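Asker: Supplied in structure tokens, the structure appears directly below.
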Amino acid sequence: MKCGGSCGSGHQTGLLTSETLQKSNRHPCYSEDAHHKYARMHLPVAPACNISCNYCYRKFDCVNESRPGVTSEVLSPEMAAEKFSVVKDSITNLSVIGIAGPGDALANWSQTRRSIELIKERDPDTVFCLSTNGLMLPQLADEIVGLGIRHLTVTMNALDPAIGALIYSHVIYQGKKYTGVEGAKILLDNQLDGIKSLAAQGLAVKVNIVMIKEINDSHIPEIVKKAKELGAFMTNIMPLIPAAGSAFADYPQTSMKELNQMRDLCQLDLHQMRHCRQCRADAIGMLGEDRSAEFRRLGETAKEDAVVAEASGKQYTIAVATKYGWLVDLHFGHASEFLIYQGSGEDFKLLEKRQVEKYCLGVEECDEEENRRGRIADSLADCDAVLSMRIGNQAQKRLSSRAIVSIETCDTVEESIKQAVMYLNEQENTIVEAV
């Protein structure tokens, strides 16, 4: 069954109620007309992820980078509700609240659910939308429906586990870590079961597909056909964004010509979203007009301790590249000294100012250059993380080989350290779960 009118021809309506279709007409991702009229707000309340995609590099960073998995802050549910109220008062055409990371909405289910509950208390008419990799869909399907969620986006990049194994480096499921075809098959089976179940219960399910040249591009028409069979509302084929630091950093980005040719082909089976902006996890405003920078840190004064309370209390040592001492405003390669802090997130103290040679001198010095760069990394070997405004891939790899996490940010030193601690705690919890 097809729907006409403002929702756009080619959509599958299936078991969608008139109420869900009306909400879809206010959802800028589900309706091309709506994206000219309505604004959305992504709440970054879900930092952890239970799979590792080779195209993904999640980090806290500056507001001038736009891609999925990126945010400049992580909010507690209470902070998210406070921020929603302020944004709603300022952006009167705000219609949709989405939770799209920076990790996975369902891998952080308690935070996601609580955020929705608090906002529904303030505004019952708000449309809610979840984005997920689908791993936890079968387990949480009933709760999703019970919360009144009517819009769900599932990223499904393969139907063949052998292809999936090229895209996902690992999957953490029920406390165990799976790799290769085995991990990809678990993910795929749960995606298929979850999409079918929730579409049958009346949710408008959008299936996102990342188009990766020479890996899954020829496979995409099969995915779209399967999405239609499962009852998906539409599919959204997106170009690969080669993110620095990811395994696919050197892969070519899909051209718009190639992308549109694929969309035209798949349109014969199911409606294609063509206006996606591959938004950040903290995006606010109209599609293509992100206003998140205007609303950063809203509600933190009253709710700041909510984030700190989530920290494990473990002591971390963190190196900061800063020019003036209060802002992370220096490229890693341009730093001649690092401020070394130690603490748990609540109470950090400055241990020392550590002098190092500059990583980037502007010229290559062959063997001596390599030795010098190795010495710089060694001088930070006691650190758990290094914070800088920017860092190159080779420097990241050198730090990573010494078990040092590199994080790009341009926030204050205080806020950057808090976010780094949250990230380190998340990584540690993920490792514990996988053991």
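The values are calculated or read from the model by the stated rules, or taken from the named source; none is laboratory data. Being a predicted model, the structure only gives us computed values, none of them experimental. Only protein heavy atoms, including side chains, enter the accessible area calculation; ligands, DNA and RNA are left aside. Shrake-Rupley method; radii C 1.70, N 1.55, O 1.52, S 1.80 Å.
Asker: Given the pairs 37/83; 120/226; 176/397; 37/206; 120/177, which span a C-alpha to C-alpha distance of over 24 angstrom in this model?
Answerer: Beyond 24 Å between Cα atoms: 120/226; 176/397; 120/177.
Asker: Taking the Cα atoms of segment 86-182, what is the range of coordinates along each of the three principal axes, in descending order and whole Å?
Answerer: Sorted largest first, the three principal extents are 48, 23, 19 Å.
Asker: Right, another one. Leaving ligands, DNA and RNA out of it, work out the accessible area of residue 295 with a 1.4 Å probe and give it in Å² to the nearest 10.
Answerer: 10 Å²
Asker: Quick one: how many Å² of residue 222 are accessible to a 1.4 Å probe, rounded to 10?
Answerer: Accessible area of residue 222: about 100 Å².
Asker: Return the sequence-ordered ³J(HN,Hα) values of segment 221-237 in whole Hz as given by the Karplus equation 6.51 cos²θ - 1.76 cosθ + 1.60 applied to θ = phi - 60°, using x for Gly and Pro.
Answerer: x, 5, 4, 5, 4, 5, 4, 4, 4, 7, x, 4, 6, 6, 10, 10, 8
Asker: At q = 0.09, 0.10, 0.14 Å⁻¹, what log₁₀ I(q)/I(0) does segment 108-248 have when each alpha carbon counts as one equal point scatterer in the Debye sum?
Answerer: Taken in order of the listed q values, log10 I(q)/I(0) reads -0.29, -0.36, -0.69.
Asker: Can you give me the long-range amide H partners of residue 410? Hydrogens built in the peptide plane at 1.01 Å from N, cutoff under 5 Å, separation of 5 or more residues or another chain.
Answerer: 62
Asker: Can I ask one more? I'd like the accessible area for residue 136, computed on protein heavy atoms only with a 1.4 Å probe and all protein chains in place. Round to 10 Å², please.
Answerer: Number for this one is 30 Å².
Asker: What does the accessible area per residue of segment 138-177 come to in Å², with a 1.4 Å probe and no ligands, DNA or RNA counted?
Answerer: Per-residue accessible area for segment 138-177 comes out at 39 Å².
Asker: Projected area of segment 181-266, taken from the Cα convex hull and averaged over every viewing direction, in nm²?
Answerer: If I average the Cα hull's projected area over directions, I get 6.3 nm².
Asker: Please list the non-local residues whose amide H lies under 5 Å from the amide H of residue 94, H modeled 1.01 Å from N, same-chain partners needing a gap of 5 or more.
Answerer: Placed amide hydrogens put 39 under 5 Å from residue 94.
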